[in-house]
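Visitor: Structure provided below as structure tokens; questions to follow.
Each value in this text was obtained by applying a stated rule to the coordinates, not by laboratory testing. Keep in mind the model is a prediction, meaning the values are calculated, not measured. Neighbour counts are summed over all protein chains in view; Cβ atoms, including those assigned to glycine, are modelled from backbone coordinates with ideal geometry.
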Amino acid sequence: MKNRFYVQPGWLDFTMFWAFIMIGVSFAVVLQMELIGYGPVSWPAAALLVVVLALAALQIQRSRLVVGAGRVTLRRLLPGNSLQIAPEDVTAVAWKKQTCTLVTRSYGNITFIHFGHNDALKQALAAVLPERG
């Protein structure tokens, strides 16, 4: 059975990505105000806002940690950036509040953020990585 968890990249990447999303939303508002003001909706501003919000929704949907039998998969926004991690490749697991760091031989330190309750995620990782979880 596979357990899927919504995760976000480490704090620096998380902050940069969501800052760009906020900049995109702000730019759509500025574009609206400069082109038309409080009048009818400006189609270029609306199109920009839809694209930015779709990118944000796609980031949330695609960024997942999938813990299955004998495999941990960290999915990213682009499918080519997904990481397949074998349990024997993980040398340590460290938790700091909402942040988890997997220390691996192949990829080095992999840090991700999981918002919400971490108990289910910790149990799923402990089941796949029993001596390190």
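Visitor: So how far apart, in nm, are the two label points at residue 117 and residue 105 if each is 7 Å from Cα heading toward Cβ?
Guide: Spacing of the two 7 Å Cα→Cβ label points: 3.6 nm.
Visitor: Please determine, in degrees from 0 to 90 and to the nearest 10, the orientation of helix 119-128 with respect to the longest principal axis defined by the Cα atoms of the chain, where the helix direction is its Cα long axis.
Guide: Helix 119-128 and the main axis of the chain meet at about 50 degrees.
Visitor: I'd like to know which of 65, 55, 28 lies farthest towards the positive end of the charge dipole of the chain, counting +1 on Cβ of Lys and Arg and -1 on Cβ of Asp and Glu.
Guide: Toward the positive end, the furthest listed residue is 65.
Visitor: At residue 29 and residue 46, where each label point lies 7 Å from the Cα along Cα→Cβ, what is the point-to-point distance in nanometres?
Guide: 1.9
Visitor: Further question: Got the relative contact order for the chain handy, in percent, Cα pairs under 8 Å and 6 or more residues apart?
Guide: Values: 186 pairs, mean separation 33.2, N = 133.
Once divided by the residue count of the chain, the mean separation gives 25 percent.
Visitor: Given a Förster distance of 25 angstrom, what is the FRET efficiency for residue 19 paired with residue 94, based on the Cβ-Cβ distance and rounded to 0.05?
Guide: Details: r = 26 Å, r/R0 = 1.04.
Calculated value: 0.45.
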